Amino acid sequence: MSRFLSQRFAALEAYTPGEQPQDIQYVKLNTNESPFPPSPEVIAAVSAAQVAKLNLYPDPTCRVLKEKLAALCGLAPENVFISNGSDDILNFSFMAFCDESRPVAFPAISYGFYPVYADLYHLPYTAIPLRENFRLEPEDYCGLNRNVVIANPNAPTGRAISPTDVEKILASNPNHVVLIDEAYVDFGGESCRGLIPRYDNLLVCQTFSKSRSMAGGRLGFALGNADLIADLEKIKYSTNPYNINRLTLAAAEAAVDSNDYYVKNCLIIAENRAYTVAALSELGFETVPSVANFIFTRCGSIKGDDLYRRLKAKGVLVRHWNKPEISDYVRVTIGSREQMDIFLDRVRELLKEE
Ligand SMILES: *Cc1c(COP(=O)(O)O)cnc(C)c1O
């Protein structure tokens, strides 16, 4: 820390992203990226002609992409907000909708960024414990009189609640924003975006980082009532109006056009997930039921941090947290069948070494 950092941030603990080693080739199952490349249309869209226009600012309204996403989601362009990854939407939402008098609540075990944003803006927050086997009980979020943020499917557990359950939470907190982070919805969850016409307090956010193979492009979007979206636009135009670069914009437009390609990839991930869970079960692992592109699993005989370290030594990266309630577990991204076979082979070797 320099002697110049504002006192406001002196105690702030920043979010720690998963490792992104740039040297050794790992089987990388630690940050929920897609094993599939972007669609051929996306690769073609990031053309020399687009690069040649980098001297010009991109369209700050993202008009074409908004229209395409609105059509895909059955909503109007004014219900769509585009951002530089969905982390940006979370940031803007904590900034826009929360303050001392509008505190926020989220699950105690969820995306590690939520408490960081709360701390960044000095917001009072409530971390609500999950129930047995990491189940999220919707009743725990009803009538809270607070803004609510829920990852659905949740991370790092992979468990989801139904749109009917989300509706109960929305209806019982009518004067507060309920943000449903659907980063993983395309792998087997059910989106609650259909509730938007009936609930002006619902904000849904999704990302191109996972199901659309564009983590490196940084593109997220939010769906909600036009007034909520206008609030987010106000924050965007007060911070960084050109937050989506020209190349990402072109790639994202092509990605929406090649939606079928990504739907197929998500089905393959769901198959690979079932395959991996079954194989781990035979090896004595206990896995939390997941509808996401990752699983949260524990081994009876090897502790979570040992499993993480010993797999890394064998060239397979998974994610582990030192938090007491989840330290027995590792989170494993579901990749290609080949990647999962390597992961399972390394696990079998580890069990033989016991
Ligand atoms: C990955 C992730 C995000 C952020 O994704 P971006 O890459 O910023 O779009 C948001 N929420 C959850 C729960 C995630 O796992």
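Nothing in this text is a laboratory measurement; each read-out follows from the coordinates by a stated rule. Just so it is clear, the model here is predicted, and its values are computed rather than measured. Because the Cβ atoms are built from the backbone with ideal geometry, glycine has one as well, and the counts that use them run over all protein chains shown.
Given axes a ≥ b ≥ c from the Cα gyration tensor, I'd like to know whether the stretch 12-115 is rounded (a/c under 1.5), prolate (a/b larger than b/c) or oblate.
Values: a/c = 1.95, a/b = 1.16, b/c = 1.68.
Note, shape of the stretch 12-115 comes out oblate.
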Any lysines with Cα under 22 Å of the K168 Cα? List them, leaving off those in the same chain fewer than 8 positions away. none
For the pair N245 and D305, how long in nm is the line joining their label points, each one 7 Å along Cα→Cβ? 3.7 nm
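Give the range of the longest stretch in the chain that excludes all trypsin sites (Lys or Arg not before Pro) found in loop regions by DSSP and having at most 12 other beta-carbon atoms within 10 Å.
On the way: sites that count: R3, R131, R198.
Excluding the exposed sites themselves, the longest stretch runs over 199-354.
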Excluding residues on the same chain fewer than 8 positions from K236, give the lysines whose Cα lies under 29 Å from its Cα. K53, K66, K68, K210
Listed residues G194, P241, I180: farthest to the positive end of the dipole of the stretch 151-251 (Cβ charges): P241
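Using a simple charge model, +1 on the beta-carbon of Lys and Arg, -1 on the beta-carbon of Asp and Glu, nothing else, what dipole does the chain show about its Cα centre, in debye to the nearest 20? Write down the numbers at each step before the final one.
Values: 36 positive and 43 negative charges, 122 e Å.
Taking the Cα centre of the chain as origin, the dipole is about 580 debye.
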With +1 at each Lys and Arg Cβ and -1 at each Asp and Glu Cβ, the charge dipole magnitude of the stretch 3-74 around its Cα centre, to the nearest 20 debye, comes out at 320 debye
I need the helices of the chain that pass two filters: whole DSSP H segments spanning 27 Å or more by Cα along the axis, and mean Kyte-Doolittle score no lower than -0.5. 259-282
So how far apart, in nm, are the two label points at R131 and R348 if each is 7 Å from Cα heading toward Cβ? 3.9 nm
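Please state the charge dipole magnitude for the stretch 162-317, taken about the Cα centre, from unit charges on C-beta atoms (+1 on K and R, -1 on D and E), reported in debye and rounded to the nearest 20.
Numbers: 17 positive and 18 negative charges, 140 e Å.
About 680 debye.
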Mind listing the phi-derived Karplus ³J(HN,Hα) values for the stretch 184-197, rounded to whole Hz, using 6.51, -1.76 and 1.60 with θ = phi - 60°, and x for any glycine or proline? 10, 5, 6, 9, x, x, 10, 5, 9, 5, x, 7, 4, x
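Would you mind calculating the gained length between M1 and N175 on full extension (0.36 nm times residue separation, minus the Cα-Cα distance), in nm to one decimal? Let's see the in-between values first.
Numbers: separation 174, 0.36 × 174 = 62.64 nm, distance 3.93 nm.
Gain in length upon complete extension: 58.7 nm.
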Between T126 and residues 5 or more places away or on another chain, the pairs with built amide H atoms under 5 Å apart involve V104, A105, F106
Short version: ³J(HN,Hα) in whole Hz for each residue of the stretch 30-37, in order, from phi by Karplus 6.51 cos²θ - 1.76 cosθ + 1.60 (θ = phi - 60°), x for Gly and Pro, what are they? 10, 10, 6, 6, 7, x, 8, x
Just add up the charged neighbours of E41: K/R +1, D/E -1, any other residue whose Cβ is under 13 Å from the Cβ of E41. -1
Once you have the Kirkwood Rh of the stretch 128-214 from its Cα pairs, apply Stokes-Einstein at 4 °C and 1.567 mPa s and quote D in µm²/s. 98 µm²/s
Using a cut-off of 13 Å between beta-carbons, work out the net charge of the residues near N259 (Lys and Arg +1, Asp and Glu -1, N259 not included). -2
